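Structure record follows, encoded as structure tokens.
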Amino acid sequence: MEATVFIEDSLRKILASVSDPEIPVLSIMDMGVVREAKLENGIAKIKITPTYSGCPAMDVIGDDIKSALKNEGFDSKIELVLSPAWTTDWITEKGRKDLEAYGIAAPLDADSDKAALLGNKRVVKCTNCGSQNTKMVSQFGSTACKALFQCEDCLEPFDYFKCLK
Amino acid sequence: MKENLIKYILGIADNSLILGQRLSELCGHGPSLETDIALTNISLDLLGQTRSYFQYAAKLKGENTTEDDLAFLRKERQYLNALLVEQPNGDFAHTIVRQFLFDGFHLLFLEQLRTCADTQLAAIAEKSIKEVKYHFRFSSEWVKRLGDGTEESHEKMQVAINDLWIFTNELFLMTDAETAMHREGIGVDLESLRADYQEQISEIVEEATLQIPETKYWQKGGKQGIHSEQMGYILADMQYMQRAYPNMQW
Ligand SMILES: [Zn+2]
């Protein structure tokens, strides 16, 4: 689902400086979890949405946003919204590149994702050597959003960020 | 209306809470690292969903009720989960079959709840569906792999299905709160899910070369608060900290 996101210009840079505590290279703006940021009577009102329902990073992200804004002189109110539900489509192009550079394969489209996770097709690219000769080790990885893969050419184990639609 | 809505939400939430709690018992004790991580990730999803439901129910209840009050400070008979989800982990076959039988129902249920007239419940359902799809895929794959596996794994899986199948009927029995909410355009018509459930579960069970047992007697009661002997142990574990140190916080 496409959703328009309003982000106040004066807040954009501050928000972009906050990163996902579990994937420190990924800005929360590139992850697509900030759904609105506006100033009302000098108070920054920020809406964020969880990636997964049980994502333990959400509380930390909320706190980090608050302190980043505080450092720049803004009081803030954080609201957690559920709808529309987050999808990996909201990860920006830059976010995808940052993930790959960090060693996490970026999510594929839904069909390729399913084929890869069922072991029907070798389509997830190794983040170390680029080979597509990779196999799934575990559908669930170190966090709910990732699956564990291994490259059969260079033998590197790596995380794959699962497609969520 | 409000009383019934709160009851309705608690019923949904308690299924996720108790199954999530059960799966969390396996943290660090799974049969292999990968399944350990998978089961605890599923547990985390379920507990996350539970929090969304409880936060909503707590808001409706008012009087400074918190999500923690609902999770930790009710008495056994106030929990409204189905008996299936409180059944013990047993061996891996039982853990997987319990998960599989619940996931199949959970997905069909959420697909209906997503279209309900209550926007907050619809939003929680829309969010949860994405996660539960992965759960169902995971449990189905294991049912097939173990059912159509070795002689021993096949036998253990068949025993697990025979043990747990009697708890599935309760998932489709409507409580008074569920019927009332269905009339308001909020609650899911559970009976209408029955045929699809039967078909989807049978298909996978067949592919796994297993059989659904003939059953004349079904277990029920959890949704009315009448639980099996398992429930007391779960609550003793889960509520211990709040009972020993009232209002403690992490
Ligand atoms: Zn490689």
Ranked by how many other beta carbons lie within 10 Å on average, peptides A:138-150, B:20-32 from highest: A:138-150, B:20-32
With unit charges on the beta carbon (Lys/Arg positive, Asp/Glu negative), name the residue among A:SER138, A:THR49, A:VAL34 whose Cα is farthest towards the positive pole of the charge dipole of chain A. A:SER138
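Give me the dipole magnitude in Debye, nearest 20, for chain A about the Cα centre, with unit charges on the beta carbon: positive for Lys and Arg, negative for Asp and Glu.
It works out to roughly 220 debye.
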Specify the inter-centroid distance of the range A:88-165 and the range B:148-223, based on alpha-carbon positions, in whole Å. 34 Å
Nearest 20 debye, what's the magnitude of the dipole of the range A:103-161 about its Cα centre given +1 on Lys and Arg Cβ and -1 on Asp and Glu Cβ? 100 debye
Longest principal axis of chain A (C-alpha) makes with the long axis of helix A:57-71 (C-alpha) an angle, in degrees to the nearest 10, of 40 degrees
Ignore the peptide's own chain and count Cβ atoms of other chains within 10 Å of each Cβ in A:142-154; give me the average, rounded. 2
Could you work out the mean count of beta carbons from other protein chains within 10 Å of each residue's beta carbon in B:128-137? 4
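Students often check this: by mean Cβ neighbours within 10 Å, which of B:220-231, B:154-165 ranks highest, and how do the rest follow? Numbers along the way, then the final one.
Values: B:220-231: 16.4, B:154-165: 19.6.
For the peptides B:220-231, B:154-165, the packing ranking is B:154-165, B:220-231.
If I take every Cα pair under 8 Å that is 6 or more residues apart in chain A, average their sequence separation and divide by the length, what percent do I get for the relative contact order?
On the way: 300 pairs, mean separation 29.5, N = 165.
Dividing the mean separation by the residue count of chain A yields 18 percent.
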Helix B:119-147 versus the longest principal axis of chain B: what angle, 0 to 90°, nearest 10, using Cα atoms? 20 degrees
Considering the options B:THR50, B:ALA244, B:LEU190, tell which one lies farthest towards the positive end of the dipole of chain B, charges being +1 on Lys and Arg and -1 on Asp and Glu at the Cβ, about the Cα centre. B:ALA244
Round to the nearest 10 and give me the degree value, 0 to 90, for the angle of helix B:151-164's Cα axis relative to the longest principal axis of chain B. 30 degrees
With unit charges on the beta carbon (Lys/Arg positive, Asp/Glu negative), name the residue among B:LEU164, B:ILE201, B:VAL132 whose Cα is farthest towards the positive pole of the charge dipole of the range B:130-224. B:VAL132
Work out the mean other chain Cβ neighbour count within 10 Å for the residues of A:129-140 and drop it here as an integer. 3
Charge dipole magnitude, Cβ of K and R +1, D and E -1 - the range A:6-89, Cα centre, debye nearest 20: 180 debye
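Would you mind working out the accessible area per residue for the range B:2-244, using a 1.4 Å probe, and quoting it in Å²? Don't jump to the answer; show the numbers that get you there.
On the way: 10700 Å² over 243 residues.
Heavy-atom SASA per residue in the range B:2-244 reads 44 Å².
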Pull up all non-local amide H partners of A:ALA44: gap of 5 or more, or a different chain, and H-to-H distance under 5 Å with H placed in the peptide plane. A:ASP75, A:SER76, A:LYS77
Using θ = phi - 60° and the Karplus curve 6.51 cos²θ - 1.76 cosθ + 1.60, what whole-Hz ³J(HN,Hα) does each residue of the range B:225-234 get, with Gly and Pro shown as x? x, 9, 9, 7, 5, 5, 5, x, 5, 4
As a quick test, which of the pairs A:LYS146/B:LYS61; B:LYS59/B:LYS223; A:LYS165/B:LYS75; B:LYS133/B:LYS223; A:LYS70/B:LYS61; A:LYS146/B:LYS220 have an alpha carbon distance above 30 angstrom in this structure? A:LYS146/B:LYS61; A:LYS165/B:LYS75; A:LYS70/B:LYS61; A:LYS146/B:LYS220
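The values are calculated or read from the model by the stated rules, or taken from the named source; none is laboratory data. All of these numbers come straight from a predicted model, not from anything done at the bench. Glycine also receives a Cβ, built like all others from the backbone with ideal geometry; neighbour counts cover every protein chain displayed. Each accessible area value is taken on the protein alone, full model and side chains, heavy atoms only, with ligands, DNA and RNA left out. Shrake-Rupley method; radii C 1.70, N 1.55, O 1.52, S 1.80 Å.
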